[in-house]
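First the structure, in the form of structure tokens, and then the observations on it.
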Amino acid sequence: MSYRDIKQVVVDRIQNRIWAPDSLLPSETELAEEFSSTRTTVNRALRELAEEGYLERKRKAGTRVLNAPVRKAQFSIPLVRDEIAETGASYRYSLVEQTLLAAPDWLAARLELTQGRQVLHIRCMHYADNAPFQYEVRWIIPESIPEVLEADFTQSGPNDWLVQKVPFTNLEISFMATKADQAIAEFLDAPAGDPVFTAERITWLRGAPVTLAKLYFAPGYRMTTHI
């Protein structure tokens with residue numbers, strides 16, 4: 001059996017109460033024998049089910065069915081140009097500002113940067129059929145990725161460049177409603193003071209902060225996830 005088949009069997013047994021909440025599953029060796037598979041295949045199936053919130057795995061204590069399976073929302077983080085293309089609209093990018101400066105106090109505190117650490121500050125716009133789609137405000141840490149100082153962001157956005165250059169190891173993402181100040185309102189063609197959908201992303205590379213981005217979306221933007 002493939003690991004996908006094993007996952008489905010395990011889920012079916014959990015949902016049908018063959019394996020009740022808090023019950024201990026057979027060992028990987030026993031399951032591999034039952035499913036005519038390998039321990040590696042069984043391990044992958046159980047590991048993914050633990051990540052999806054069905055099981056709890058503890059070394060030397062075995063694998064148990066969770067009392068209340070935790071359902072996890074999943075969503076993709078596409079490049080904005082791809083997100084716009086999927087709507088059938090034409091994508092256009094525009095660089096607003098690119099400046100090398102000392103990290104502001106709030107950013108230094110947030111990313112635990114030393115006093116006076118230089119950051120590359122970039123503001124840019126993304127359009128769908130020439131209508132505002134996303135206003136991007138980003139800070140990149142050159143100490144973590146020095147080649148960014150030679151990058152050209154006049155034709156394409158910093159996220160495109162970062163995806164190609166930096167295989168980040170950790171990511172933190174937050175979603176919120178932000179009151180549009182005058183600048184945000186003008187860029188997004190929205191009334192000043194209105195709430196706009198905002199995403200904040202921070203990425204690290206082996207413990208070193210790489211970038212913090214705030215992404216402001218034009219009115220009407222929707223993000224959908226599945227559980």
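The values are calculated or read from the model by the stated rules, or taken from the named source; none is laboratory data. Owing to the predicted nature of the structure, the values given are computational and were not obtained by experimental measurement. We place every Cβ from the backbone using ideal geometry, glycine too, and count neighbours over all the protein chains shown. Heads up: the accessible areas ignore ligands, DNA and RNA and are worked out on the full protein's heavy atoms, side chains in. Shrake-Rupley method; radii C 1.70, N 1.55, O 1.52, S 1.80 Å.
Averaged per residue, what accessible surface does the chain expose to a 1.4 Å probe, in Å²?
I get 58 Å² per residue for the chain.
Identify, among VAL11, ALA102, PRO191, the residue whose Cα sits farthest towards the positive end of the charge dipole of the chain, taking +1 on the Cβ of Lys and Arg and -1 on the Cβ of Asp and Glu, with the dipole about the Cα centre.
Looking along the dipole axis, the top candidate is VAL11.
So for the pair ALA131, THR169, with labels modelled 7 Å out along Cα→Cβ, what separation do we get in nm?
4.3
Pick the calculated Cα extents along the principal axes in Å for this structure from (i) 50, 43, 37; (ii) 62, 39, 29; (iii) 53, 36, 31?
(ii)
Tell me the volume per residue, in Å³, of the convex hull enclosing the alpha carbons of segment 107-227.
141
Ignoring GluC sites (Glu not before Pro) that are buried or in helix or strand per DSSP, and keeping those with at most 16 other beta carbon atoms within 10 Å, what is the longest stretch of the chain between them?
144-227
Only Lys, Arg, Asp and Glu count, each charged at its Cβ (+1, +1, -1, -1), so figure out the dipole size of the chain about its Cα centre, rounded to 20 debye.
860
Report, to the nearest whole %, how much of the accessible area of the chain belongs to carbon and sulfur atoms, 1.4 Å probe, protein only.
47
Explain nothing, just the number: dipole magnitude of segment 14-57 about its Cα centre with +1 on each Lys and Arg Cβ and -1 on each Asp and Glu Cβ, in debye rounded to the nearest 20.
Computed about the Cα centre, the dipole is about 40 debye.
Which residue, THR41, THR178, THR211, has the most motion in a Gaussian network model of the chain that connects Cα atoms within less than 10 Å?
Result: THR41 has the largest fluctuation of those listed.
List the aspartates and glutamates whose Cα lies under 15 Å from the Cα of LYS165, skipping any in the same chain that are fewer than 8 positions away.
Partners within reach: GLU143, GLU147, GLU150, ASP152.
What is the distance, in nm, between label points placed 7 Å from the Cα along the Cα-to-Cβ direction at GLU150 and at ARG17?
The answer from the label model is 6.6 nm.
By how many degrees, between 0 and 90 and to the nearest 10, does the Cα long axis of helix 3-15 differ from the longest principal axis of the chain?
70
Quick check: pseudo-label points 7 Å beyond the Cα along Cα→Cβ at LEU95 and TYR221, how many nm apart are they?
According to this spin-label approximation, the distance is 2.2 nm.
Which of ALA89, MET176, ASN67 sits farthest toward the positive end of the charge dipole of the chain, with +1 on the Cβ of Lys and Arg and -1 on the Cβ of Asp and Glu?
It is ASN67, whose Cα lies furthest towards the positive end.
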